[in-house]
Each structure stands twice: as C-alpha cells, then as structure tokens.
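Read-outs throughout are calculated quantities, based only on the coordinates presented, and are distinct from any laboratory measurement. If you're wondering where the values come from, they're calculated on a predicted model, not measured in any experiment. Please note: Cβ atoms are built from the backbone with ideal geometry, for glycine as well, and neighbour counts cover all protein chains shown.
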Ligand SMILES: Cc1cc2nc3c(=O)[nH]c(=O)nc-3n(C[C@H](O)[C@H](O)[C@H](O)COP(=O)(O)O)c2cc1C
C-alpha cells in the first residue's frame, strides 16, 4: 500500500482543502492517506548556529524528527499552502530547510517523489505554485504540471478537482 502524505502549512483554509483532498483518496483501497498541519509542530527558525548546536549534541528536536519521519516514509506528497507576498510562506520554507539538514542526503525526503502543489490563497496563488514547484524540482521531486488552486473569488469545479487528483493518483500509483 502506497503512503500519501498531505502537508498543510496552516490549520485554516489550506487545512480544509487538505481534508477535501484526503476524502478523495479515502475511497482508494491501495492508498493510505494522512494529513499533517505544520502548525501542529514547533519547529524553531532555521539558523546555522542552531543546527551546529543540535549536531553537537547528536539530536534534533523531537518535532523536527517527527516531520522528517512523516516525509521520508511517504511515497508521494501533496502540498497545500497559501501564497504569501508572491511566494512561499515562512513556515513551509523553514520546514524544508530543517528537513534538508536533518537527513543524511539533503534531497532524501523529496527525491523522485511525486508531488502535487495546491493552494488556497487570497489572490491568485500562482506565484506560490510556480516558486514552490521550482524549489521541489530542485530537490528532485517529480512535480505534477497541474495544480488545485482555490481563491476568494474562484473555486475549482468538482470535475477539475477530481480530474487533477485522478491524474496524480495514476502518476504515482503506477510506479
Ligand atoms: C503575510 C501574508 C502575505 C500574503 N500575501 C499574499 C499574496 O501574495 N498572494 C495571495 O494570493 N494572498 C496573499 N495572502 C493571503 C493568503 O494567501 C490567504 O489569507 C490565505 O487564505 C491564507 O491561507 P489559510 O486560510 O490556510 O491561512 C497573504 C497573507 C499573509 C498573512
């Protein structure tokens, strides 16, 4: 059974979107799907000095290890995150920084993993999708060329929503 992890950057509308996506995969018998919100974890702000401190004591904080374990053990990832200032929100960037430093190979959590980038944003959310897609690709992920975007003015139709999730399911499930 493949493990699909949905990562929400917040506990607000992106978490609701994550739950809607999970409901789609709950109907698939060959997928085990879970949702985490980054707001549930207390990750310190990444600083090289802090990393050196953790490495000197041979241990990272428990919450970094927990998020790392969720990500490393997943077969595919769906990201639900708001656009902030035309880019990636700090809670998400911070998490990526820690995971890249807490693993032996900095790309270990992301390399060759099928990923779908989604957003519930105030404006159009596309800057986040483009920026984060570049970052995930740099980390070795296979990012789908379609996205689920919800904004205050525009919702996605049910057929587009189901269609994108179906394409994503087929992309990582055939591997
Ligand atoms: C610091 C900050 C910057 C934001 N910048 C943008 C932006 O550039 N584009 C956009 O579409 N929405 C922007 N927003 C609005 C958020 O995307 C919107 O409130 C979103 O729904 C928040 O996600 P959440 O409901 O999961 O918390 C910004 C919000 C904050 C707090």
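Table for the structure above
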item	result
Pairwise FRET efficiency - residue 32 versus residue 52, Cβ, R0 = 41 Å, nearest 0.05	0.65
Helix 126-138 axis, angle to the chain major axis (alpha carbon atoms, nearest 10°)	50
The chain: calculated mean residue ellipticity at 222 nm from DSSP helix runs of at least 4, using -39500 (n - 2.57)	-13500 deg cm²/dmol
Inverse mean reciprocal Cα-Cα distance (Kirkwood Rh) of the stretch 2-173, Å	16.3
Tilt relative to the chain, helix 90-102 - C-alpha long axis, 0 to 90 degrees, to 10	50
The stretch 129-168: C-alpha pair distances exceeding 11 Å, %	67
Cα long-axis angle, helix 13-25 against the chain (0 to 90 degrees, to the nearest 10)	70
Label-point separation, residue 45 to residue 104 (7 Å along Cα→Cβ), nm	3.3
FRET efficiency estimate (nearest 0.05) - Cβ-Cβ, residue 85 to residue 11, R0 30 angstrom	0.90
Antiparallel content of DSSP bridges confined to the stretch 2-173, in %, to 5	10
